[in-house]
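The values are calculated or read from the model by the stated rules, or taken from the named source; none is laboratory data. Every value quoted in this text rests on a predicted model; they were computed, and no experiment measured them. Backbone-built Cβ (ideal geometry, glycine too); neighbour counts: all protein chains shown.
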Ligand SMILES: [Zn+2]
């Protein structure tokens, strides 16, 4: 490995640790999105499309609600930050657990895991500028907000774009704990991010090399660099703990 590549790998690991902390809800100073509204206390009316009826309010998913880019706040310490046990594979080719729904991971409904239908799958994303400065961080908030598009990657792109006042995120690197789905892969191509760094593979819905490779489709005129499997074990362990 060249010194440059080694330096980059080291940087990616450090960034992934940050994304992991955001995913786990243990990040102390995640910037909360510029201009983003505070999360609703009891989210949308119902989530019948994605889960069991009677979804509880996101108890335990609490965060303070600053509203400016410069403020900091605790990322929700979701109930998902529990001890690992089960075995949901997050490697390409790994078999799916029998109990899982049509798709495990962030694109899956709560039915994918026996635990906590009201809790968000712990996926975290952080966007870094060309200079390596953190522009935004986000955790998957689909259940919290009742928004089917509230994946960590989409939220972090929105927050960074709002903070910068532009949609083009040239030169930026998106770091996420789980391989992006098609929606998120599409979004980060549209945002023109320079590179995507992800942790665990998502063989059932991944669109950065697993099921599809949207980000490097040669028919597209913008193709971010992809660095896969950074701190893969840690990232997968967090998800396994959630789906135990
Ligand atoms: Zn996604």
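Picking from 113, 109, 124, which residue would you name as being within 16 Å of the ligand (Cβ to nearest atom) and at pLDDT below 95?
Working: 113 fails: within 16 Å of the ligand (Cβ to nearest atom); 124 fails: at pLDDT below 95.
From the options 113, 109, 124, the qualifying one is 109.
Among the residues of region 205-223, those identified as assigned to a loop (DSSP other than H, G, I, E, B) and either under 15 Å from the mean Cα position of the chain (by Cα) or away from the ligand (no atom under 13 Å from the Cβ) (or both) are 205, 206, 207, 209, 217, 218, 219, 220, 221, 222, 223. Scanning region 175-204 for residues that are farther than 21 Å from residue 130 by Cα, within 13 Å of the ligand (Cβ to nearest atom) and surrounded by fewer than 24 Cβ atoms within 10 Å (Cβ to Cβ) returns 182, 183, 204.
Among the residues of region 138-155, those that are under 9 Å from the mean Cα position of the chain (by Cα) and either within 11 Å of the ligand (Cβ to nearest atom) or over 18 Å from residue 181 (Cα atoms) (or both) comprise 140, 151, 152, 153, 154, 155.
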